[in-house]
1. Residue pairs, Cβ under 8 Å, 6 or more apart or interchain, first in the range 16-44 and assigned to a loop (DSSP other than H, G, I, E, B), second crowded, with 16+ Cβ neighbours inside 10 Å and hydroxyl-bearing (Ser, Thr, Tyr). List them.
2. Which of (1) at pLDDT 90 or above; (2) exposed (fewer than 10 other Cβ atoms within 10 Å of the Cβ) does residue 75 not meet, given it meets every other one?
Amino acid sequence: MSDKSTRRAPLGGAEILWPAGVEDRYGISSVTRWRWERSGKLPARDIEIGGRTGWKRSTIEAAEQRTGIVTPAPPPARQSGPHFETFAQ
């Protein structure tokens, strides 16, 4: 039996971020994520489950501390005002 066939999901509640989750976390495209991986701004993926690779949340958080990557603040809620008027029909 090969090592790859015996891999199991992490135990102990490790949270996994898949590539799409990293893109959502930073508000970036898949191309930017790929560039960040190639440049070392993102660490190497450290988890593989069922052929999918991703990162442990702790790995991403450590990279944020090391490289200064920050999770962007959510966009402000849209408010009414002179540029956002509501018209009654």
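1. The qualifying pairs are 43/59.
2. (1)
The values are calculated or read from the model by the stated rules, or taken from the named source; none is laboratory data. Source: prediction; values computed, not measured. Here the Cβ is made from the backbone with ideal geometry for all residues, glycine too, and neighbour counts use every protein chain on show.
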